[in-house]
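Structure first, then comments.
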Amino acid sequence: MATTLPNPTRMELTRLKRKLTTALRGHKLLKDKRDELMRQFLDLVRENKALRERVEAGLAQCNQNFVLARAGMSDEELNTAMMAPKQEVLLEADSRNVMSVDVPVFRYKTRTSDPADIYAYGFAFTSADLDDAVQSLADLLPDLLRLAEVEKSCQLMAAEIEKTRRRVNALEHVMIPETQQQIRYITMKLDENERSTQTRLMKVKDMMLEQTHHYREKNEEKYAAG
């Protein structure tokens, strides 16, 4: 692993140790976040699968009812019946935070609470199949909105999981090993410098002792001669 060698000082060693501690803590937090995101993502995927199957079955039933209604009514009668909708649906879009991901939340309300307001026509000149089709579409609206909400949430959470996974890998395979290598390098250099300093001190001590010994010998010879 090619890394830039740091300055082998104790201050740099202290800084790198703090950096390593922070990186290890961040790595653990990001791993926990990734695991929790995966758990919630899988829950949403299962819900999305069930919702999509239910919505597709409901849409198939709606289409079947509309086909039956069109078979029993002329195009002019059908177009006239569906020309002016009576009910109005108001959609509110909000968001909630899930592990730092803002997922959408959809709420809706109708202009009136009367269930009969979904029919924008009189019952005298329309078929019962048209009523069933309109009713089935109205019943399917909550599932359609929830499906849109869940699918968008899955997309956003998948992107966040990928981003978090890359950060975890960068810490685990690049930053933490590089910092550990730099710490080992500085520690080795400081130990080497300490051993060199100790060797020099011992050498100086031996030289001083030798000089002192020679000095005493000279003094003893001087006193003996005098």
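For MET207, the solvent-accessible surface computed with a 1.4 Å probe is close to 90 Å², ligands and nucleic acids excluded. Using the structure shown, list the pairs from LYS86/LYS109; LYS109/LYS152; LYS33/LYS152; LYS17/LYS163; LYS17/LYS189; LYS28/LYS163 with a Cα-Cα distance above 18 Å, or answer none. From the list (LYS86/LYS109; LYS109/LYS152; LYS33/LYS152; LYS17/LYS163; LYS17/LYS189; LYS28/LYS163), the Cα-Cα distance tops 18 Å for LYS109/LYS152; LYS33/LYS152; LYS17/LYS163. In this structure the amide hydrogen of TYR121, modeled in the peptide plane, comes within under 5 Å of no amide hydrogen from residues 5 or more places off or on another chain.
Compute, for the range 34-146, the length of the dipole vector about the Cα centre, with Cβ point charges of +1 (Lys, Arg) and -1 (Asp, Glu) only. Units Debye, rounded to 20.
Details: 13 positive and 20 negative charges, 88 e Å.
Rounded to the nearest 20 debye, it is 420 debye.
When the chain is modelled as a GNM with alpha-carbon springs shorter than 10 Å, which of LEU145, LEU51, LEU68 fluctuates the most? Result: LEU68 has the largest fluctuation of those listed. Couplings for the range 97-102, taken from phi via the Karplus curve 6.51 cos²θ - 1.76 cosθ + 1.60 with θ = phi - 60°, read 8, 10, 6, 6, 10, 8 Hz in order; Gly and Pro are left as x.
Probe radius 1.4 Å, ligands and nucleic acids ignored: give me the carbon and sulfur share of the accessible area of the chain as a rounded percent.
Working: 8820 of 15820 Å².
Solvent-exposed carbon and sulfur of the chain make up 56 percent of the total.
Relative to the dominant Cα principal axis of the chain, helix 10-72 is inclined by about 10°.
Within the range 23-90, which GluC sites (Glu not before Pro) sit in a loop by DSSP and count at most 15 neighbouring Cβ atoms inside 10 Å?
Numbers: sites: GLU36, GLU47, GLU53, GLU56, GLU76, GLU77, GLU88; in loops: GLU88.
Passing sites in the range 23-90 are GLU88.
To the nearest 0.05, what FRET efficiency results for ALA159 and TYR185 with a Förster distance of 30 Å applied to their C-beta separation? All intermediate terms of the calculation are to be shown ahead of the outcome.
On the way: r = 38 Å, r/R0 = 1.26.
With a Förster radius of 30 Å, E is 0.20.
Each of ALA60, ALA133, LEU190 was scored by the projection of its Cα onto the charge dipole of the chain, and the greatest displacement toward the positive side belongs to LEU190; charges sit on the C-beta of Lys, Arg, Asp and Glu. Of the options TYR121, ALA69, TYR108, report the single residue whose Cα projects farthest towards the positive end of the charge dipole of the range 1-123 (beta-carbon charges: Lys, Arg +1; Asp, Glu -1). Of the listed residues, the answer is TYR108. The calculated FRET efficiency for ALA60 paired with GLN135, based on their beta-carbon distance and R0 = 25 Å, is about 0.95. Couplings 3J(HN,Hα) of the range 79-95, computed from phi: 5, 5, 5, 9, 5, 10, x, 9, 8, 10, 10, 10, 9, 10, 10, 10, 8 Hz, in residue order, whole Hz [Karplus 6.51 cos²θ - 1.76 cosθ + 1.60, θ = phi - 60°; x for Gly and Pro]. Using a 10 Å Cβ count of at most 15 others and DSSP loop calls, identify the longest part of the chain lacking such trypsin sites (Lys or Arg not before Pro). Result for the longest clean stretch: 112-226.
The amide H of VAL105, built 1.01 Å from its N in the peptide plane, has ASP94, SER95, ARG96 as neighbours under 5 Å, considering only residues 5 or more places off or on other chains.
What dipole magnitude, in Debye to the nearest 20, does the range 1-70 give about its Cα centre under +1 on Lys/Arg Cβ and -1 on Asp/Glu Cβ? Please list the in-between numbers first.
On the way: 16 positive and 8 negative charges, 111 e Å.
In total the dipole reaches around 540 debye.
For the chain, the dipole from Cβ point charges (+1 on Lys and Arg, -1 on Asp and Glu) about the Cα centre works out to 2300 debye, to the nearest 20. Its DSSP H runs of at least 4 residues, each contributing -39,500 (n - 2.57), put the calculated 222 nm mean residue ellipticity of the chain at -26500 deg cm²/dmol, to the nearest 500. Comparing LEU145, MET99, THR21 along the charge dipole axis of the chain, the residue lying farthest to the positive side is THR21, per the Cβ-charge model.
The values are calculated or read from the model by the stated rules, or taken from the named source; none is laboratory data. If you're wondering where the values come from, they're calculated on a predicted model, not measured in any experiment. As a convention, Cβ positions derive from the backbone with ideal geometry for all residues, glycine included, and neighbour counts pool all protein chains shown. Accessible surface is based on the protein model in full, side chains and every heavy atom, while ligands, DNA and RNA are left aside. Shrake-Rupley method; radii C 1.70, N 1.55, O 1.52, S 1.80 Å.
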